[in-house]
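See below for the structure under consideration.
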Amino acid sequence: MTQTYPTNWDIDKYRDDTEPEHHWELRREFMSVHKGKFPEDYLVALARTFTNMEFMGCVYPAPVMVKIAELSKDVAKDYREMKKTKLQRTFVTASNAAENKIKKRKSDPGSYTSQKTK
């Protein structure tokens, strides 16, 4: 028999005022789905870990990553599908950006630099 835990606690008391709405909605869903399967404080920590991984790209020890992956596969399915269609940001180092800009100027005959030297 699987052990159950009290469910008479309020998930909404864990809402952080500075947390974006979509972060809270996903974290709240995670806690709602698993409420009663874990002690309250442990579930709250798991939910925070889940959202840190999902939104911030945090990495944890392998056993934690596996546990969160198992617990979140159904909870985050819709969010992950939606995320695939969103614009993804790409960060480039300043040195790479400068190097690419210089390469573009050298290869583009209509650039400001090549016009200036004519």
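Identification of helices (runs of 4 or more DSSP H) wholly contained in segment 34-118 with 2 or more residues that are exposed (fewer than 10 other Cβ atoms within 10 Å of the Cβ) and modelled with pLDDT of 95 or more yields 62-72. Scanning segment 6-27 for residues that are under 14 Å from residue 55 (Cα atoms) and among the charged types (D, E, K, R), we see that the one that is nearest to the chain's Cα centre (by Cα) is 27.
Tell me whether segment 21-32 contains one or more residues that are in contact with a Lys or Arg (Cβ under 9 Å, 6 or more places away or on another chain), in a helix (DSSP H, G or I) and of a type in the set (Ser, Thr, Tyr). No: zero hits.
The values are calculated or read from the model by the stated rules, or taken from the named source; none is laboratory data. The shown structure was predicted, so the numbers you read here are calculated from the model rather than taken from an experiment. Here Cβ is always computed from backbone atoms with ideal geometry, including for glycine, and neighbour counts include all displayed protein chains.
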